[in-house]
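Notes follow the structure.
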Amino acid sequence: MSYHIELFHSLLSDFLQGESALLTTENDVLMVRGSNPVSYGTLVTAANTASKYLKLAEGDIALLNDPYSGGTTLDEITFIMAVSEDLIWVNRRTLNKNIKFAKSVEEEGLRIPPTPLRQKGQLNEMILGAMSAHPACPANFTEWIKVQCADMIASAQKLHDTIEGTGISVTGELIEDYLHLSKKLAVQKISERASGETRVDVVLDSGELLRLNLEIQDGRVAMDFGGTSAAKTLHLTESAAYGTCFKAISDFYGFDRYANTGSFSILQVTKPAGCWLMAKYPASTLKGMTCGVAALKTAVDLALSYIHTKNEKSLSSTTPLLVQLNHESTQTFLSIGGGQGATSEVEGRSAHIETLSVETLERQFPVRIHRIDRRNSIGGKGKFNGGRGMICKIEALEDLQAAWLTDMTLHRPRLPKNCSHGDPSEVTIEHAGTTKSLPVLGQQKILKGEIVSFCSGSGGGYGRPETKVIVE
């Protein structure tokens with residue numbers, strides 16, 4: 001790798017933070033970064049959709065959250081900025097997390113198609129005002145948008161300063177060489193492992209079937225989802241499905257840091273018309289972008305384990321248990337992570353709850369936290385145990401409204417012989433001395449005195465548990 005290509009790669013990596021991508025105006029994807037698998041497809045779609053309908057001059061910013069224009073869920077805003085005459089920056093930021101079950105995306109909240117936000121150095125106050133007037137618009141929307149715009153403008157200026165300071169010339173030849181090298185690296189990483197083909201079926205609790213036919217040959221990957229059923233409750237957009245597939249493949253083979261047009265070219269994804277991996281407006285995508293993504297990642301990971309038997313890894317609890325609590329005008333959101341699957345060498349990493357302060361929660365909400373720690377796992381045992389999930393036990397001191405969702409693959413798929421399943425996510429409610437199990441996706445009123453336990457899933461174990469011989 002030449003010095004200029006290394007410098008260019010480092011520049012891209014430093015600039016792109018969070019869920020973000022940088023593209024040329026000629027639709028070459030230079031790099032995508034993010035922890036959410038769907039970003040690897042949806043961010044590119046967002047840039048292409050915005051460029052199709054809006055002519056962005058240098059410094060202009062557009063925004064959207066429409067899943068059918070390259071967004072994900074309505075609580076995540078995607079910004080598209082022309083940082084120069086030749087480069088488009090896409091950055092996705094979360095406004096207010098929200099769980100709202102609906103049949104239509106229009107019922108979920110404020111849906112924003114590609115919309116011009118900043119033009120010729122000025123924010124479009126008229127459009128901001130119109131969006132703010134929508135009944136489902138969050139109270140702090142306008143102020144938050146302005147803060148994000150100011151931050152993006154400052155970051156874009158830093159990018160210009162960095163390019164100027166390094167003296168690097170971002171030419172078409174440099175971009176072409178970088179993308180070619182990325183493709184070559186991806187092909188090499190894949191070719192170093194075994195080739196083969198396999199089929200995996202994953203049945204979701206909601207009734208959908210996910211069927212994956214995976215073929216790996218000559219450094220390329222082909223995924224055919226023929227046989228996948230039509231949607232019943234899950235709807236995932238085509239770009240989100242592609243991003244999830246690419247992220248799973250690139251993570252497994254180790255070229256995730258080179259996610260661009262070059263490495264994208266090694267993956268071919270085929271889906272039948274009408275299946276739940278090709279959502280159509282106006283279907284709600286909330287469940288698809290969470291539970292559907294988890295099922296898709298499970299299928300790809302499982303198929304890779306079947307082909308690469310020397311690299312078997314038990315399944316992880318992919319989707320965190322997402323919980324939303326509402327009391328009067330106050331709302332809080334919890335993300336309870338699941339345990340990771342074990343491998344032939346190490347145990348799976350146990351879960352944690354992101355950004356949870358018990359004191360803050362009890363101060364803001366009429367609740368008492370009885371327990372918050374790692375759950376006692378029954379599944380996921382082996383020579384190397386799977387990572388344990390979490391349990392969060394909450395007592396309502398006043399009536400509350402709760403909504404939650406998590407993995408919907410309780411119908412366990414067949415595993416490689418050395419792997420075992422972990423514990424699934426569980427939600428239970430205690431009332432008057434009795435305990436009742438609740439669906440892993442639901443919403444209901446929690447009455448004063450009732451205790452709800454939210455348990456995230458644990459990772460699968462690997463190998464047979466070692467038997468200890470006791471000598472008397």
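The values are calculated or read from the model by the stated rules, or taken from the named source; none is laboratory data. Just so we're clear, the structure is a prediction, and the values are computed from it rather than from any experiment. All Cβ positions, even for glycine, are placed from backbone atoms using ideal geometry, and neighbour counts span all protein chains on display. Ligands, DNA and RNA are excluded from the accessible area calculation, which covers all protein heavy atoms including side chains. Shrake-Rupley method; radii C 1.70, N 1.55, O 1.52, S 1.80 Å.
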Any idea which residue in the stretch 246-291 is farthest from the chain's Cα centre (by Cα), counting only those that are under 26 Å from PHE8 (Cβ atoms) and among the hydrophobic types (A, V, I, L, M, F, W, C)? ILE266
Taking first residues from the stretch 349-368 that are β-branched (Val, Ile, Thr) and second residues anywhere that are open to solvent by 40 Å² or more (accessible area, probe 1.4 Å), the pairs with Cβ under 7 Å that are 6 or more apart or on different chains are ILE353/ILE372; VAL358/ILE372; VAL367/LEU397
Exactly one condition in (1) in a helix (DSSP H, G or I); (2) farther than 25 Å from GLN340 by Cβ is not met by GLY288; state its number. (2)
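With the structure loaded, tell me whether LEU356 is open to solvent by 20 Å² or more (accessible area, probe 1.4 Å), closer than 16 Å to LYS393 by Cα, modelled with pLDDT under 90 and not in a helix (DSSP H, G or I) or whether it fails that test.
Values: open to solvent by 20 Å² or more (accessible area, probe 1.4 Å): yes; closer than 16 Å to LYS393 by Cα: yes; modelled with pLDDT under 90: yes; not in a helix (DSSP H, G or I): yes.
Considered against the rule, which asks whether it is open to solvent by 20 Å² or more (accessible area, probe 1.4 Å), closer than 16 Å to LYS393 by Cα, modelled with pLDDT under 90 and not in a helix (DSSP H, G or I), LEU356 comes out as yes.
Going by the conditions given, is ALA351 surrounded by 24 or more Cβ atoms within 10 Å (Cβ to Cβ), small (Gly, Ala, Ser) and outside any loop (DSSP other than H, G, I, E, B)?
In short, no.
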Take LYS448 and tell me if it is more than 21 Å from VAL203 (Cα to Cα), exposed (fewer than 15 other Cβ atoms within 10 Å of the Cβ) and touching a residue at least 24 places away in the same chain (Cβ under 8 Å). yes
Tally, over the stretch 224-259, of residues that are aliphatic (A, V, I, L, M), open to solvent by less than 10 Å² (accessible area, probe 1.4 Å) and part of a loop (DSSP other than H, G, I, E, B): 3
Out of curiosity, is ARG33 modelled with pLDDT of 95 or more, open to solvent by 50 Å² or more (accessible area, probe 1.4 Å), among the basic types (Lys, Arg) and over 30 Å from GLU164 (Cβ atoms)? no
Failed item, numbered, when VAL203 is tested on (1) without any contact (Cβ under 8 Å) to a residue 60 or more places away in the chain; (2) open to solvent by 40 Å² or more (accessible area, probe 1.4 Å); (3) over 19 Å from the mean Cα position of the chain (by Cα): (1)
Could you say whether any residue in the stretch 260-268 is in a loop (DSSP other than H, G, I, E, B), modelled with pLDDT of 95 or more and touching an Asp or Glu at 6+ places or on another chain (Cβ under 6 Å)? no
Is there a residue being surrounded by fewer than 24 Cβ atoms within 10 Å (Cβ to Cβ) and either of a type in the set (Gly, Ala, Ser) or touching a Ser or Thr at 6+ places or on another chain (Cβ under 8 Å) (or both) anywhere in the stretch 263-271? yes
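Yes or no, residue by residue, for (1) open to solvent by less than 20 Å² (accessible area, probe 1.4 Å); (2) outside any strand (DSSP E or B); (3) free of Cβ contacts under 8 Å to residues at least 12 places away in the same chain:
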position: GLN401; (1), (2), (3): no, no, no
position: TRP404; (1), (2), (3): yes, no, no
position: MET408; (1), (2), (3): yes, yes, no
position: LYS417; (1), (2), (3): no, yes, yes
position: VAL427; (1), (2), (3): yes, no, no
position: SER437; (1), (2), (3): no, no, yes
position: VAL452; (1), (2), (3): yes, no, no
position: SER458; (1), (2), (3): yes, yes, no
Somewhere in the stretch 149-162, is a residue buried (at least 18 other Cβ atoms within 10 Å of the Cβ), over 26 Å from the mean Cα position of the chain (by Cα) and under 24 Å from ASP28 (Cα atoms)? yes
